[in-house]
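Before any comments, here is the structure.
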């Protein structure tokens, strides 16, 4: 897991909920190279790592927001999403934005309701 790039907590417990800050394709302090597929894969891996640290996982995500710099990347992001989530289908909003931190192509946040708590 990377250190946050701003003054915020990467994950917060709110009662029974876990709420994550947006995750970008950051690894070892740098955006991964290769494009949207690689960045989305890393962003979801970062999200999974945050959740695992709290005893949760992607299978317990209830709601997520995906921010894309280019809506043309929607189909590729969906392929990465299905690879990460399998048959689990949390509610999701996907929006195009003008810019993301560190010039990332994608940022993903999530609300999780861990069943094991």
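From 25, 6, grab the single residue that is under 16 Å from residue 102 (Cα atoms) and modelled with pLDDT under 95. Going through 25, 6 in turn, just one is under 16 Å from residue 102 (Cα atoms) and modelled with pLDDT under 95: 6. Every listed requirement among (1) surrounded by fewer than 20 Cβ atoms within 10 Å (Cβ to Cβ); (2) under 11 Å from the mean Cα position of the chain (by Cα) is met by residue 51 save one, (1). Quick one: in region 1-21, of everything that is in a strand (DSSP E or B) and touching a residue at least 12 places away in the same chain (Cβ under 8 Å), which residue is farthest from residue 79 (Cα to Cα)? Selected residue: 13. Within region 83-99, the set of residues being within 17 Å of residue 46 (Cα to Cα) and under 13 Å from the mean Cα position of the chain (by Cα) comprises 84, 85. Checking each residue in region 1-16 for being closer than 16 Å to residue 65 by Cα and out of contact with any strand residue (DSSP E or B) (no Cβ under 6 Å at 6 or more places or on another chain) picks out only 10. Among the residues of region 27-53, the one identified as without any contact (Cβ under 8 Å) to a residue 60 or more places away in the chain, touching a helix residue (DSSP H, G or I) at 6+ places or on another chain (Cβ under 7 Å) and within 11 Å of residue 104 (Cβ to Cβ) is 32.
Selection of region 68-80 for residues being touching a strand residue (DSSP E or B) at 6+ places or on another chain (Cβ under 8 Å) and surrounded by 20 or more Cβ atoms within 10 Å (Cβ to Cβ) yields 68, 73, 77. Which one is surrounded by the most Cβ atoms within 10 Å (Cβ to Cβ), of the residues in region 54-67 that are more than 18 Å from residue 106 (Cα to Cα) and out of contact with any helix residue (DSSP H, G or I) (no Cβ under 8 Å at 6 or more places or on another chain)? Once the filter is applied, the top-ranked residue is 56.
The values are calculated or read from the model by the stated rules, or taken from the named source; none is laboratory data. Predicted, not measured: the structure shown is a model, and the values here were computed from it. Counting neighbours? That spans all protein chains shown, and the Cβs are built from the backbone with ideal geometry, glycine included.
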